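The values are calculated or read from the model by the stated rules, or taken from the named source; none is laboratory data. All figures in this text were calculated on a predicted structure; none of them were measured in a lab. Note that we place each Cβ from the backbone using ideal geometry, even for glycine, and neighbour counts take in every protein chain shown. Heavy atoms of the whole protein, side chains included, go into the accessibility calculation; ligands, DNA and RNA do not. Shrake-Rupley method; radii C 1.70, N 1.55, O 1.52, S 1.80 Å.
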Amino acid sequence: MVELSFMLGILGNISAFLILLSPIGTFARIVKKRSTEDFSSFPYICMVLNASLWTYYGIIKPDAFLVATVNGSGIVISTVYLFLYLAFAPPKIRARTAAIAAVMDIGCVVVAIWVSRFELEGESSINFTGFLCACFNILRYASPLSIMRQVVITKSVEYMPLLLSICLCANGLTWATYAMLVRDIFLLVPHSMGFLLGVSQLVLYAMYRQAKSSNNAIGIGDLEERCEHHQQLLVPSLH
């Protein structure tokens, strides 16, 4: 059982890492155009926050180092994304993004660590951190619902990249199974939701993959931009 959970943890690290790399296309465009255009920085601010909290959870919880490893990498990569955004954002957006990132990615993490270390003890400290992580995961997993709605409205899967949906499904299934084996409710609840969401996306893809998009409702150029914008919101938590 220990060996099986370890192998699932490794697979979960791999699938999460693939999801982590999914915004590369967006940032290649930002760097090429030297502009953040209408892209939002909020998903990447949340990525740093999420990865930081889960890394801390993986450190303080016994035998949870596989959670810490992938999220430790997530901190580095998502911070790179955030700094690239700041480098090419207009001055006002850059200042606002930096302020929000300071509050969420530094302030919130410091407060969470302070409470868990100095106000709580033992199992209560672990449960408090796990509860925070699970809450943020659920919020992150809810973001693709807007994309699924667009697929139904437009009857086009151009808004929903197949590979990312497959990775989302695999990531949720892997970590949900891992959570059941190690009996971690804080991992199980959000990743079970992530798996069901991934399956729902694959069902939608099967339903609408041969449907043609309506060029009367939206231009091809606008479609591509909105597809990339929504794709950045698909990035779930990093484990």
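Among residues that are under 26 Å from N127 (Cα atoms) and either open to solvent by 60 Å² or more (accessible area, probe 1.4 Å) or touching a helix residue (DSSP H, G or I) at 6+ places or on another chain (Cβ under 7 Å) (or both), V67 is included. Could you list, ordered by first residue, the pairs with Cβ atoms under 8 Å in which the first is in the stretch 1-30 and over 16 Å from N171 (Cβ atoms) and of a type in the set (F, W, Y) and the second is open to solvent by less than 30 Å² (accessible area, probe 1.4 Å) and at pLDDT 85 or above, at least 6 apart or interchain? Sorted first by the residue in the stretch 1-30, then by its partner, the pairs are F6/L66; F27/Y81; F27/Y85. Of all residues in the stretch 1-45, those satisfying the criterion of being surrounded by 17 or more Cβ atoms within 10 Å (Cβ to Cβ) and in contact with a Cys (Cβ under 8 Å, 6 or more places away or on another chain) are S15, I19, S22.
Sort through I59, I75 and tell me the only one that's in contact (Cβ under 8 Å) with a residue 24 or more places away in the chain and open to solvent by 40 Å² or more (accessible area, probe 1.4 Å).
Numbers: I59 fails: in contact (Cβ under 8 Å) with a residue 24 or more places away in the chain.
Every option except I75 fails the conditions.
Can you tell me which residues in the stretch 106-126 are more than 15 Å from S52 (Cβ to Cβ) and open to solvent by 60 Å² or more (accessible area, probe 1.4 Å)?
Within the stretch 106-126, F118, E119, E121, E123, S124 qualify.
Checked against (1) at pLDDT below 85; (2) under 26 Å from V115 (Cβ atoms); (3) not β-branched (V, I, T), W54 meets all criteria but (1).
When A95 is tested against (1) under 30 Å from E37 (Cβ atoms); (2) of a type in the set (A, V, I, L, M); (3) surrounded by 15 or more Cβ atoms within 10 Å (Cβ to Cβ), exactly one condition is not met: (3). Out of all the residues in the stretch 154-185, which are outside any helix (DSSP H, G or I), over 18 Å from the mean Cα position of the chain (by Cα) and in contact (Cβ under 8 Å) with a residue 40 or more places away in the chain? Across the stretch 154-185, the qualifying residues are K155, S156, D184.
Checked against the criterion of being out of contact with any Ser or Thr (no Cβ under 6 Å at 6 or more places or on another chain), among the hydrophobic types (A, V, I, L, M, F, W, C) and without any contact (Cβ under 8 Å) to a residue 12 or more places away in the chain, the candidates A112, A101, A134, A95 yield just one match: A95.
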